[in-house]
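The values are calculated or read from the model by the stated rules, or taken from the named source; none is laboratory data. Note that this is a predicted model, so its numbers are computed, not measured. Cβ placement follows ideal geometry from the backbone for every residue including glycine, while neighbour counts extend to all protein chains displayed.
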Amino acid sequence: MKERLMMRTSTDRAASGVMSTGWILLGLLALLLGLVVMNLLWGARMLSPVWLMHMFEPPGDRHELLVLQARAPRVLAGVLAGMALAVAGTVIQALCRNPLADPGLLGVNAGASASLVTLSLLPFASEWGVFWQALPGALLASAFVYALSQVQSALGQAQAPVRLILAGAAISAVLGAYVQARVLLNPQLFDGFRYWMAGSLSGLGWSEVNALWPYLVPAGLMLVLLAPGLNLLLLDRSTAVSLGMSLQRHTILAWLSATLLCAAATSVVGPLAFVGLAAGHLARAWLPMSFRVLLPGAALAGGILVLSADLLARVLLPPRELLTGIMIALLGAPFLYSAARTAGEYKAS
């Protein structure tokens, strides 16, 4: 009788946890949709919510043109980029077993930026597209960071999380200086990249959205398929191997997918930092440590963070517009401070 009562209590707790997780994800989705509507209506020119309900009814007007051709692609690109960077950051934190890991802080975004400004001047660059120009640098930076994390883990170095971030910051600083020098010394690059360097959603259209999603969807689906393996990676490595997991294959595929997400997002919106760090910490704080719920939770949190920053960038000083990357840095820096104070082993529970 006692055992039956304990089993029933355990089942009730599990059901309660599932319901709680579902409500959290639903709340994040509702907040994201609310921010989408606010970003469509608010800006240098404020629009009425009533108008939004009738925007597809003929005849069209200049407000419809403003929303469909200017704000809608900007909002969609921001959501996709935020989700991509958030998911990539969450995965990289698990692979490095480092709570401070973030694509922007580790130099992955800076590598993509350096590669993009280098290859964009080549005669055949226009045939490649911005994603393929950003990918080589992102892959090289990602490979270096992963190798460094494995060396530090193998040596059991104290303060390894902080040291990895310092190494990533050094990489970002060097590559960032290179990008700025290339852009400032070349008028052609300066006109096209001066706002992009700091992270900006301004001026994005449907062509940028169409250049973004074909790479995000396959990489995101790959990580969804790898979610059970990522859960095993949170265990001891020897335990994961004993359960029949191909550790090297899962790790390489997960790193490659995360790097593809970073390269695609950076090629369109610029090197936005802190998105992966903040979204990953929020997801782990609110949701159970299972990547089947962590990945969608982090994706929603990333979209919320980018849209919140972009909304503030547009409405704080109208008709002027701040750069989205500046607002994200202001919103995300407290997460870095909080994580650095408690830096230690990546917690699997």
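A few comments on the model shown:
- Of the listed requirements (1) surrounded by fewer than 19 Cβ atoms within 10 Å (Cβ to Cβ); (2) in a helix (DSSP H, G or I), Ala263 misses just one: (1).
- Hey, Pro288 over 18 Å from Leu100 (Cα atoms), modelled with pLDDT under 80 and outside any helix (DSSP H, G or I) or not: no
- Being over 19 Å from Met197 (Cβ atoms) and modelled with pLDDT under 90 holds for only one residue in Leu316, Leu300, and it is Leu316.
- Of all residues in the range 148-165, none satisfies being among the hydrophobic types (A, V, I, L, M, F, W, C), part of a helix (DSSP H, G or I), farther than 28 Å from Phe193 by Cβ and modelled with pLDDT of 85 or more.
Per-residue answers, yes or no, for (1) at pLDDT below 80; (2) not in a helix (DSSP H, G or I):
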residue: Leu85; (1), (2): no, no
residue: Ala94; (1), (2): no, no
residue: Pro103; (1), (2): no, yes
residue: Ala114; (1), (2): no, no
residue: Val117; (1), (2): no, no
residue: Leu121; (1), (2): yes, yes
residue: Glu127; (1), (2): yes, no
residue: Trp132; (1), (2): no, no
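- The single condition among (1) modelled with pLDDT under 85; (2) closer than 26 Å to Leu41 by Cα that Tyr337 does not satisfy is (2).
- Taking the conditions (1) touching a residue at least 24 places away in the same chain (Cβ under 8 Å); (2) on the phi < 0 side of the Ramachandran plot in turn, Ala309 satisfies each one other than (1).
- Failed condition for Leu336, given (1) among the aliphatic types (A, V, I, L, M); (2) buried (at least 19 other Cβ atoms within 10 Å of the Cβ); (3) under 14 Å from the mean Cα position of the chain (by Cα): (3)
- Residue within the range 190-199 that is surrounded by 16 or more Cβ atoms within 10 Å (Cβ to Cβ), at pLDDT 85 or above and not basic (Lys, Arg) present: no
- Any hit, the range 216-239, residues being over 18 Å from the mean Cα position of the chain (by Cα), assigned to a loop (DSSP other than H, G, I, E, B) and in contact (Cβ under 8 Å) with a residue 24 or more places away in the chain: yes
- Qualifying positions in the range 88-132 - surrounded by fewer than 24 Cβ atoms within 10 Å (Cβ to Cβ) and of a type in the set (Ser, Thr, Tyr): Thr118, Ser120, Ser126
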